[in-house]
Structures are given as C-alpha cells and as structure tokens.
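Structure, as structure tokens:
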Amino acid sequence: MKFYNRSNPETVHSAICFVDILGFSSMVYEAFENDTGNDLLKRLHMTLTENIAELRPQEEYVGVLKTFTDNIVIGHPIYEDGESQLGSIFLNYAAYQLSLTLEGFFVRGAVSTGEYYADEEFAFGPALLEAHHLESYEAITPRIILSNDTVELVYKHINYYAEPSWSPQARDLLKENTDDKYFINYLEAAMGDREYSDYNNAFIILQKHKAVIEENLQKFQGNTRVYSKYLWAAQYHNFFCDLQFETPYRQQLQIRGIPQGNFSLIV
C-alpha cells in the first residue's frame, strides 16, 4: 500500500476533502469593528480545536490533515477500491460540519479523488487543486460537494449491495437537482448510529440547527447574496426533517415561510 513518504515525496492516488468557513473574512472584520474580535477568536479556537482533533488521522499512513485557520484539507491514500477512505470522509466531515454549524459557523467544501501528496509542511497535487476549485466556484452554498469522478466511484461502491438503498452511501449523501451536485448529508450525523437511533436527541439537535438558520435568515434579510446561502440551508433542513420525522415532530422542526428546495436521495 502506498502512503505519503517524507523521505521520498511522490503523489499517491487519494481521496481529498477541502473545506472552509463561509464568510470568514467578513466575520473577522465585523467582530473587530464591534470590539468583539477576541470573543470570536475564543469561540473559533475552542470549536475548531475540538473538531480538528476528531478529524485528524491517528496514523500517517491512513492520511494527513492540513489546517490554516478556517481552511482544512484531509487526504487519504486510496487502497483497494477506495470505499473505506471515502466513507471515512463522509462520516467524519458530516460530524465536523454539523458541529460547526450548530456553533454558527457554516462551511462549504468539496471532495475529489486523484493524485495528491501531503506532509506536515506541504500539500500538492491535482486532486487538491480540483477540490479547491469546486469549493471556491461550484459549492456556493453551505455544502460539501463531490467531484464527478468521486460520484462515479460512489455508484461503483453502491452497486456492491444487493439493495442499493441499504448502502451507507444512500444515507451519507444527497443530490441537489437544480445543479446535479451531490453533497454530504451532514444532518445524518444528528441521527447517530442508525441501529440505535435516539430520535429525542436528534430532535433537540435539529431544533438548534433550525434556530441557528432562522437567526441568520433574519440577520441577512437585506443582503440577497448572503441570505441565499442560509435559504439553501433552511431548504435542506426542511427536506431532511421531512424524511426523518412524522407529524407533529416534523411540523415543529420546519422552518416556515421559505420555498421548497429541490433535493433527492441518490438511490
């Protein structure tokens, strides 16, 4: 199995995920203008430190995590068919995205597959460039999207299962039909272990998710560009809650007064 070797740096076929925090620069400028810069620093430092620790691979041969304030990239060398590496990205980044969102830090990013090399000081390769490009120009809303090659690989993995809807990918990912983008279904992390799902705990988490979105919809009501990102988050929230909960819980979780989104399951 190939891995990132500092003594002989060469690219390795890898699964990559690149993410950053939406509106980070504006957030920092606004905080310092309001004399709350250090308060923001403390919130970010605590939230990111805790969550990055959960993302960081325990062994170098499993992968390498690179961070710079609001930017995070993780690379997993692909071995065998890559299902394990992509599955790890989907699960870990769903938990990471949910945790940050509940603290008011919405993120976007992209997952790609291809050649990549990384160590503690260095990150290099076309897979990283593709993930960064997708995050910057195509993700747009608070979602972590998949490259076309990654989508093809996901469907290869789904076809291993006698019933595609039983595959973990069927829960880990959703599709937005307006632009045919596949993205990590981060609210799935609220459901915990599906075999022992605690719907009461999930309901509490989703109530908090709803409140964070509603706060931002109100805050940015006059800013069309920013408002549209939180509108997307609200539509995704409603879609997920409709899938998971029956009335009256569904009604309590719904964010009212917004148009319906256009999402679907991937199988």
- Message: Return the residues of segment 60-80 that are among the aromatic types (Phe, Trp, Tyr) and within 16 Å of the chain's Cα centre (by Cα); say none if nothing qualifies.
- Response: none
- Note on the structure: Log entry, pairs with first residue in segment 219-245 being free of Cβ contacts under 8 Å to residues at least 24 places away in the same chain, second being part of a helix (DSSP H, G or I) and hydrophobic (A, V, I, L, M, F, W, C), beta carbons closer than 6 Å, six or more apart or on different chains, reads Phe220/Val226
- Item | Hits in segment 134-143 (condition: surrounded by 15 or more Cβ atoms within 10 Å (Cβ to Cβ) and not in a loop (DSSP other than H, G, I, E, B)) | Leu134, Glu135, Ala139
- Item | In segment 188-210, residue modelled with the lowest pLDDT [restricted to those that are surrounded by 12 or more Cβ atoms within 10 Å (Cβ to Cβ) and charged (D, E, K, R)] | Asp198
- Test: Tyr182 is free of Cβ contacts under 8 Å to residues at least 60 places away in the same chain and either in contact with a strand residue (DSSP E or B) (Cβ under 9 Å, 6 or more places away or on another chain) or not in a helix (DSSP H, G or I) (or both): no
- Inside segment 211-267, the number of residues satisfying the requirement of being aromatic (Phe, Trp, Tyr), surrounded by fewer than 18 Cβ atoms within 10 Å (Cβ to Cβ) and not in a helix (DSSP H, G or I) is 1
- Find all pairs meeting these conditions: Cβ atoms under 6 angstrom apart; at least six residues apart or on different chains; first residue within segment 19-42 and in a helix (DSSP H, G or I); second residue among the basic types (Lys, Arg). none
- Message: So if I check each of Asn51, Asn38, Asn34, Asn5, which one is under 22 Å from Leu134 (Cβ atoms) and of a type outside the set (A, V, I, L, M, F, W, C)?
- Response: Asn51
- Message: Looking at segment 107-116, can you tell me whether even one residue there is surrounded by 17 or more Cβ atoms within 10 Å (Cβ to Cβ), out of contact with any Pro (no Cβ under 6 Å at 6 or more places or on another chain), in a strand (DSSP E or B) and among the polar types (S, T, N, Q)?
- Response: yes
- Task: Output the residue which, of all residues in segment 199-224 that are within 20 Å of the chain's Cα centre (by Cα) and polar (S, T, N, Q), is farthest from Glu30 (Cα to Cα).
- Result: Gln207
- Message: Being of a type outside the set (D, E, K, R), under 30 Å from Asn8 (Cβ atoms) and touching a residue at least 40 places away in the same chain (Cβ under 8 Å) is the requirement here; does Thr141 meet it?
- Response: no
- Within segment 74-88, tally of residues that are hydrophobic (A, V, I, L, M, F, W, C) and at pLDDT below 95: 2
- May I ask you to list the residues in segment 154-175 that are assigned to a helix (DSSP H, G or I) and farther than 17 Å from Gly192 by Cα? Val154, Tyr155, Lys156, His157, Ile158, Pro164, Ser165
- Could you please find all residues in segment 72-91 being touching a residue at least 12 places away in the same chain (Cβ under 8 Å) and over 18 Å from Ser147 (Cβ atoms)? Tyr79, Leu91
- If you go through segment 123-132 one residue at a time, how many are part of a helix (DSSP H, G or I) and either of a type in the set (A, V, I, L, M, F, W, C) or under 16 Å from the mean Cα position of the chain (by Cα) (or both)? 5
- Kindly indicate which of Leu22, Leu44 is modelled with pLDDT under 95, buried (at least 17 other Cβ atoms within 10 Å of the Cβ), farther than 22 Å from Asn185 by Cβ and within 20 Å of the chain's Cα centre (by Cα). Leu44
- Considering segment 147-187, residues that are over 18 Å from Gly109 (Cβ atoms) and of a type in the set (Gly, Ala, Ser), and then whichever is surrounded by the fewest Cβ atoms within 10 Å (Cβ to Cβ), we arrive at Ala162
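The values are calculated or read from the model by the stated rules, or taken from the named source; none is laboratory data. Every value quoted in this text rests on a predicted model; they were computed, and no experiment measured them. When we count neighbours, we look across all protein chains shown, and the Cβ atoms used for this are built from the backbone with ideal geometry, even at glycine.
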